[in-house]
1. I need the Debye-formula profile for the stretch 324-399: one equal scatterer per C-alpha, no solvent, reported as log10 I(q)/I(0) at q = 0.16, 0.19, 0.23, 0.28 1/Å, two decimals.
2. Given an 8 Å cut-off on Cα distances and at least 6 residues of separation, report the relative contact order of the stretch 93-180 as a percent.
3. Calculate the dipole size of the stretch 216-347 relative to its Cα centre from +1 charges on Lys and Arg beta carbons and -1 charges on Asp and Glu beta carbons; express the result in debye to the nearest 20.
4. Per 10 Å bin, what is the whole-percent P(r) computed from every C-alpha pair distance within the stretch 279-331?
5. With +1 on each Lys and Arg Cβ and -1 on each Asp and Glu Cβ, how big is the dipole of the stretch 277-339 about its Cα centre, in debye rounded to the nearest 20?
6. Between SER211 and THR150, what length comes free when the chain is fully extended (0.36 nm per residue of separation minus the Cα-Cα distance, one decimal in nm)?
7. In sequence order, what are the phi-derived ³J(HN,Hα) couplings for the stretch 320-334 according to the Karplus relation 6.51 cos²θ - 1.76 cosθ + 1.60 with θ = phi - 60°, rounded to whole Hz, with x for glycine and proline?
8. Just to confirm a number: summing +1 for Lys and Arg and -1 for Asp and Glu over residues other than VAL191 whose beta-carbon lies under 9 angstrom from that of VAL191, what do you get?
Amino acid sequence: MNRRLILTLATLTLAGSFACFNTDQKGDPDAFATDSLMKMLEVSNGFGRLLPYAIAVADPQTGAPSAQLIEIRSMEDLINNPPSVNNPILPPASWPTASINPAGRTGNHYASIKFTRSIDMTSVLDPTPAGFSNNGLTGTISVVAYDPVTGESSTVEGRGFINGYTYAGAGPKLERWVGIGDDGRMAAFDVERAGTTINPGVGFPGTDDPSSGIIDGSFVGSNAMLSPVTFVFVVDSDSNLSTYESFPQGKVIRILIRGTESTCTSEASVAAGVRATTGRVLEEGGIATTEVGGDTFLPAPLLDGPGGIPITCPKDLEADLPCDTWIYFSYSEACQPYSIGPLPAAIPPPPSNEFTVEFLPPVSVGSPPPGSTIQLPYTVEPVGAYNFTEFIVKPVVAFPGADPLGAQAVATVTYFHNAAVDMHLNQNTTTLDDTSITFTVGSDCPGLVNVPVVPGAILVASNGGGTTGGIRVIDLDGFGQGTG
């Protein structure tokens, strides 16, 4: 595995639970748990699902999609159900352009993330002044609006909730803004702050707001968002939920959920991921992407800032990399895996045209150049089942190492921008742009020599006692005679 990956280390610390949590000392202390591990169950925007992805089971005869769907919750699910041009992965849901809830009534746009265990609030909600300037979030979950044309990213202003709780007011302090009322419906609770009773939860998805003409703000599934296992992010740029807002239009909305996974992009490298109240860290994070009003964007490499360069790992011109280096490319939005390259399979793939992976063999000082590059076949796969925005290019054989005199191989990997197809099947077919990165391969790898195939002989590398290194030929047809 690439030793230059930035490993996201999970800091396993025990944390307190909500006062309202039930406990069962005879079994799992988390009464809301549906799995012994902390996993992500679903990311939704209320109008449909964003994660996990789903694909139709292909007809074994024609390869066409059948009526049966399967969720992609592991890399095995993806490899066993490979998407194709005729059977692509189903797209995520978009928000409508209007500020409405899933029932079509006036309401704030939101996104919810459901896990298998109760969320440790301190791993997601940040009560510090620094966190308050970041939507009150620690960074294990973040919501970003990305402009694929300019490369500009901006944090979407909003407020995070777990089981109706959020940090607010002076301090800030933990307050419960919403809950289930006596009538079984979602209700905005009164909050005492500085000797005054306020009702800041009005406008939370599912609440009523008679003063704005919303007599019934409920919709199917709204009550389920009030749970210790669910995080809800509500768009709110003015610290007033009752002024109804939508996600930014003309941007790709990227929802990042961090776990214990390794990653190569700076936006996903944090010290710890989302944590359960029992201390378990999210097994695998992900990135959900979608838009407001449908997807009109063409997929493109993710840039490192306005007018920046594509995010790759390794970066261009890195030196002395391992011979088994994998190459990571990131994209502005989730892409169909079949369009980025061939998935791993039992039979190594032939060269394909999404990338070129090639190298120049080591050339010692004073020696003539090798003349031409050598291309390697490769496979490509997403970094995880919940993240189709970042892909790993894996050469099927390792790059060569240095020669005996220390000369290193030079590798070049080129991505052609017309390859990617996003989840809504948009593709920039007319572009001639590409992104190339070049790096040298280190000395701790097997070398490569250009020798002829000689029947009846054995070719042996020799250092010649440290003075006359080179290739020795043992002639088997000449009764073991050799060149020294």
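1. Summing over Cα pairs of the stretch 324-399 leads to -0.63, -0.80, -1.04, -1.35.
2. It comes to 20 percent, rounded to a whole number.
3. 240
4. P(r) for the stretch 279-331, in whole percents per bin: 16, 33, 31, 17, 2.
5. With only Lys, Arg, Asp and Glu charged at Cβ, the dipole is about 120 debye.
6. Going from the current span to full extension adds 17.9 nm.
7. Taking θ as phi minus 60°, the curve returns 6, 8, x, 5, 9, 4, 9, 10, 10, 10, 10, 10, 5, 8, 5 Hz for the stretch 320-334.
8. Neighbour charge sum, excluding VAL191 itself: -1.
The values are calculated or read from the model by the stated rules, or taken from the named source; none is laboratory data. What you see is a predicted model, and the numbers here were worked out from it, not measured in a lab. Note that each Cβ is placed from the backbone with ideal geometry, even for glycine, and that neighbours are counted across all protein chains shown. With ligands, DNA and RNA removed, areas are computed over all heavy atoms of the protein, side chains included. Shrake-Rupley method; radii C 1.70, N 1.55, O 1.52, S 1.80 Å.
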